[in-house]
Amino acid sequence: MLELAAGTYPVPHAGLRYELARDLRLPRGSWLRLRGENGAGKTTFLEHVLIPHLKERHCLLYLAQDMDLQQNTMRATLALMGLEAPQGLADLASAWIEAGGCQEVVILDEFDKYLTAPQLDALDLGRFGWVVQVSHLERPGVRPDLPGGFELSFVRPDAGRPEVHLGLERLWPA
Amino acid sequence: MAGLKVLTIFVQLTAFFGLFVFGPWYGRMELQAALLAVLLAATAWRGGLRSAWRSLLFVLPFVLSLLAFGLAFQWAGLMGRTDWLHDSLLKALVFPNSFLIVKLGLESITFRDIMGLPLRPGARRYAIVLKAVMEKCTPLLHRYRFFMDLTPHFAGRRSGRFLRLCGVIVAAYISIYQQTEKTLELFDHRTRHLRKEP
């Protein structure tokens, strides 16, 4: 189970305070989409709340929004493992994911903007226990490769205040 | 004026290395500790508490490695010496001091200072590019550390921590290389095509 207890999660340096009204409990085989306007704090939530909570219990792969930087660490990692680092980003990400040997959690922060749909399909995300995705693309109806679909919405009622309300919704199965 | 400022910075750096690293105050633990406090305060004053904390985090792995080796050597009584731990503690102060003072010194040299220096055009070009690359790449180190700390590829390996650190260094090297190329290109383009409006 991928879990995050209900509560308040402050991130002082970003001036944000996340309020999760009920426990986030996702069974294996879940897809979690993070939805919210630009600046709602999705990436901050991922990097300062969700990932620190998950990394102690789960093996996770994080594909960040600033891939132009992260690809340098991917190349370095593959080189240190004695593996070849492909030139193209899709192949590089794929090689990095394979080399990680991690099948638990994969987190993609707007990573779909770097890949075409077939390239994304080739990553075979369905093999992971949990897929967490920030995406501005249209929400899919159902992903047949993942039995459970959820959406966590980020609502910031007042941009001048730190509160961000997090609302969880089940997308499928109904 | 710029020449004087840069000269003062280099004199201060030379004085630091002459006194605190290779000179008579190297073994003065209390002076090294006091200097560390001053340098941290200066870093916090210049870039905020977060910047000072980040600088500390950056040097922490090196400092911890020094202490770990010191402890191990002391425990093993290597070469019959009994001062390994004391020596490591000193190095654990000297290293962050050297890092912080060089960082503060180089950061205080502005682009305007470089323009005011009596340098040949080629040397000025390299000085400007060096400064631009340093400014661009230094903050990236923290991001690279974040990525490498998360990467599961070295989990369970005894040398995992070391390999992660190597990953940060290699990524930083790639970044510096890319950034230098880009900045040189941009610099040359601007000097070739931009004219000051009359």
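Laboratory data are not the source of any read-out in this text; all were calculated from the coordinates shown. Values in this document were obtained by computation on a predicted structure and should not be read as measured data. Please note: Cβ atoms are built from the backbone with ideal geometry, for glycine as well, and neighbour counts cover all protein chains shown.
By the gyration tensor of its Cα atoms, with a ≥ b ≥ c the square roots of the eigenvalues, what is the shape of the range B:1-44: rounded for a/c under 1.5, prolate for a/b over b/c, or oblate?
Details: a/c = 4.70, a/b = 1.46, b/c = 3.22.
Because a/c hits 1.5 or more and a/b fails to exceed b/c, the range B:1-44 counts as oblate.
Evaluate Rg over Rh across the range B:119-198, taking Cα atoms for both radii and Kirkwood's formula for Rh.
Numbers: Rg = 17.8 Å, Rh = 14.8 Å.
With Rg and the Kirkwood Rh in hand, the quotient comes to 1.20.
I need the calculated FRET efficiency for the pair A:Arg170 and B:Met115, taking r as the beta carbon distance and R₀ as 51 Å, to the nearest 0.05.
Values: r = 61 Å, r/R0 = 1.20.
Once the sixth-power term is evaluated, E becomes 0.25.
Under 21 Å Cα to Cα from A:Lys55, which lysines show up? Leave out anything in the same chain fewer than 8 places away.
List returned: A:Lys42.
Considering the Cα trace of the protein assembly as shown, what is its radius of gyration and what is Dmax, both in angstroms?
Expressed in Å, the Cα Rg and Dmax of the protein assembly as shown come to 24.8, 75.
Is the shape of the range A:28-151 best called rounded, prolate or oblate, per the rule: a/c under 1.5 gives rounded, else a/b larger than b/c gives prolate, else oblate, with a ≥ b ≥ c the square roots of the Cα gyration tensor eigenvalues?
Values: a/c = 1.43, a/b = 1.37, b/c = 1.04.
Rounded, since a/c falls under 1.5.
Under a crude label model (7 Å from the Cα following the beta-carbon direction), how far is A:His13 from A:Asn38 in nanometres?
2.4
To the nearest 20 debye, what is the magnitude of the charge dipole of the range A:123-174 about its Cα centre, counting +1 on the Cβ of each Lys and Arg and -1 on the Cβ of each Asp and Glu? All intermediate terms of the calculation are to be shown ahead of the outcome.
Values: 6 positive and 7 negative charges, 10 e Å.
The calculation lands at about 40 debye.
Helix B:121-150 against the longest principal axis of chain B: what's the angle in degrees, Cα atoms only, rounded to the nearest 10?
The angle comes out at about 40 degrees.
No partner Cβ under 4.7 angstrom, meaning no disulfide-compatible partner by this rule: which Cys of the protein assembly as shown qualify?
B:Cys137, B:Cys166
So what is log10(I(q)/I(0)) for the range B:1-110 at q = 0.19, 0.23 1/Å, when the Debye sum runs over its Cα atoms only?
Scattering profile of the range B:1-110, log10 relative to I(0): -1.01, -1.26.
Which value at 222 nm does chain A reach when only helices count, each DSSP H run of 4 or more adding -39,500 (n - 2.57), with the total divided by all residues and rounded to the nearest 500 deg cm²/dmol?
Details: 5 runs with 40 residues, N = 174.
Calculated from helices alone, the mean residue ellipticity at 222 nm is -6000 deg cm²/dmol.
If the limit is 26 Å between Cα atoms, which of A:Lys113/B:Lys182; B:Lys91/B:Lys131; B:Lys91/B:Lys136 go over it? Don't skip to the end; give the middle numbers.
Numbers: A:Lys113/B:Lys182 24 Å; B:Lys91/B:Lys131 28 Å; B:Lys91/B:Lys136 29 Å.
Violating the 26 Å Cα-Cα cut-off are B:Lys91/B:Lys131; B:Lys91/B:Lys136.
Taking the Cα centre of the protein assembly as shown as the origin and placing charges on Cβ (Lys, Arg +1; Asp, Glu -1), which of B:Leu163, A:Leu146, B:Pro61 is farthest toward the positive end of the dipole?
Going by the Cα projections, it comes out as B:Pro61.
Where in chain A is the longest stretch that carries no trypsin sites (Lys or Arg not before Pro) classed as loop by DSSP and with at most 16 other Cβ atoms within 10 Å? Could the numbers behind the result be given before it?
Values: sites that count: A:Arg22, A:Arg28, A:Lys55, A:Arg57.
No qualifying site falls inside A:58-174, the longest such stretch.
Would you please classify the overall shape of chain B from the alpha carbon gyration tensor, given that a ≥ b ≥ c denote the square roots of the eigenvalues, rounded means a/c under 1.5, and beyond that prolate means a/b larger than b/c while oblate covers the rest?
On the way: a/c = 2.59, a/b = 1.46, b/c = 1.77.
Oblate, since a/c reaches 1.5 and b/c is not below a/b.
Tell me the angle of helix B:49-76 to the major Cα principal axis of chain B, expressed in degrees between 0 and 90 and rounded to the nearest ten.
So the helix axis and the longest Cα principal axis differ by about 40 degrees.
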